[in-house]
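Enquirer: Sharing a structure here in structure tokens format.
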């Protein structure tokens, strides 16, 4: 029975390979907003490296595992650049993704705004082990295409802004261009229909007590996923050495995430444990997500030495 479930999962994903899927599988987009919005690239003003790892539905055979390595940073005063490599595994399915973000940034007094877009290449493949599954039917076109690999191209657009370095907002439009690179299409009539990701948040700083609270919300309408709203609350304490927070996702995939983390100089660690409120939770041990980030120190230019007369 379990093998059959895993086989159905693989078939379902292969049937969707004509189109790009959900923009990001990670919930740590509030740590690295460029995961969901290309216009956020370079917005922090720092050169940063991120390593993301998420294990969904732990304890369930063939459960999704997603990994990502990304760079994000400003290039000069008006340009931001980001690059991310993803690796995803679900049952027999393996997916590789490589994305590049481009952002143009402008400053108007206390308002910083950015416009950006991303281009992404992805390849989805099935393990040869699927051929030995007892449910495999010889000659299945979808399975054979999946073993050979299906390549896709995707492009997204976004706007991102920050006011007074405290209020941040953004909207991204994923899947504005979607194409299978082999020219085939499972359903050419299925066009993008207003998919978007909108986020809004504010940082409340208490200088007297030495902590910062950051509530935020993400509204998401993605391909193949019902409308969702994420409500997040993140707190920084003891000069960011202690980080904690909660995240609640509404909709058919409602769950609660508990965040803990810490920051030491240029290195930061974040961990989230998610518990689903759906019946499927009884078959899994929740989800684990880890993000490691490193801020590349800025070069300090030495003042020219004074000549002695």
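Enquirer: To make sure I understand, if each residue's beta carbon is the centre and we count other beta carbons within 10 Å, what order do 156, 41, 293 fall in, fewest to most?
Expert: Working: 156 25, 41 33, 293 22.
Least crowded to most crowded, the residues run 293, 156, 41.
Enquirer: Need the full-extension length gain, residue 69 to residue 273, defined as separation in residues times 0.36 nm minus the C-alpha distance. One decimal, nm.
Expert: Working: separation 204, 0.36 × 204 = 73.44 nm, distance 2.03 nm.
Working it through step by step, the gained length comes to 71.4 nm.
Enquirer: Test of understanding: ordering 77, 180, 220 by Cβ neighbours within 10 Å, fewest first, what list do you get?
Expert: On the way: 77 10, 180 15, 220 24.
By the 10 Å Cβ count, ascending, the order reads 77, 180, 220.
Enquirer: Need one number: nm distance between label points at residue 231 and residue 98, each 7 Å from Cα along Cα→Cβ, rounded to one decimal.
Expert: In this crude label model, residue 231 to residue 98 measures out at 4.2 nm.
Enquirer: Pulled fully out, how much extra length does the chain show between residue 204 and residue 265, if you take 0.36 nm times their separation in residues and subtract their Cα-Cα distance? Provide the component values of the computation, followed by the final result.
Expert: Numbers: separation 61, 0.36 × 61 = 21.96 nm, distance 2.17 nm.
Contour length minus the Cα-Cα distance gives 19.8 nm.
Enquirer: Would you calculate the separation in nanometres between label points at residue 253 and residue 296, each defined as 7 Å from the Cα along the Cα-to-beta-carbon direction?
Expert: About 3.2 nm separates the two model spin labels.
Enquirer: Here's a follow-up. Please report the relative contact order for the range 89-140, taking Cα pairs under 8 Å with a sequence separation of at least 6, and give it as a percent rounded to a whole number. Kindly include the intermediate steps, with their values, before the conclusion.
Expert: Working: 57 pairs, mean separation 20.5, N = 52.
After rounding, I find 39 percent.
Enquirer: I've got another one for you. In nm, to one decimal, how far is the residue 211 label point from the residue 106 one, both placed 7 Å along Cα→Cβ?
Expert: 3.9 nm
Enquirer: Sticking with this structure for a sec: Which percent of Cα pairs goes in each bin when the distances of the range 2-296 are cut into 10 angstrom slices starting at zero?
Expert: Reading the bins upward from 0: 6, 25, 35, 22, 8, 2, 0.
Enquirer: Arranged by the count of other C-beta atoms within 10 angstrom, fewest first, what order do 49, 218 take?
Expert: Listed from fewest to most nearby Cβ atoms, that is 49, 218.
Enquirer: Sticking with this one: If you wrap a convex hull around the C-alpha atoms of the range 16-172 and split its volume per residue, what is the figure in Å³?
Expert: Working: hull volume 16.8 nm³, N = 157.
It comes to 107 Å³ per residue, whole-number rounded.
Enquirer: Work out, step by step, the length gained on full extension between residue 49 and residue 219: first 0.36 nm times the residue separation, then minus their alpha carbon distance; give nm to one decimal. Working shown, then result.
Expert: Numbers: separation 170, 0.36 × 170 = 61.20 nm, distance 2.62 nm.
Full-extension gain reported as 58.6 nm.
Enquirer: From Cα pairs below 8 angstrom and at least 6 apart in sequence, can you work out the relative contact order of the range 2-296, rounded to a whole percent? Mind showing how you got there, number by number?
Expert: Values: 762 pairs, mean separation 49.9, N = 295.
Averaging sequence separation for qualifying contacts and normalising by length gives 17 percent for the range 2-296.
Enquirer: Taking Cα pairs under 8 Å and at least six residues apart, what relative contact order does the range 205-286 come out at, in percent? Write out the running numbers ahead of the final one.
Expert: Working: 162 pairs, mean separation 15.7, N = 82.
19 percent.
A short reminder: the numbers here are calculations on the coordinates, not readings from a lab. The structure presented is a predicted model; accordingly, all values stated were derived computationally and were not measured. Cβ sites come from the backbone with ideal geometry, for glycine too, and all protein chains shown count toward neighbours.
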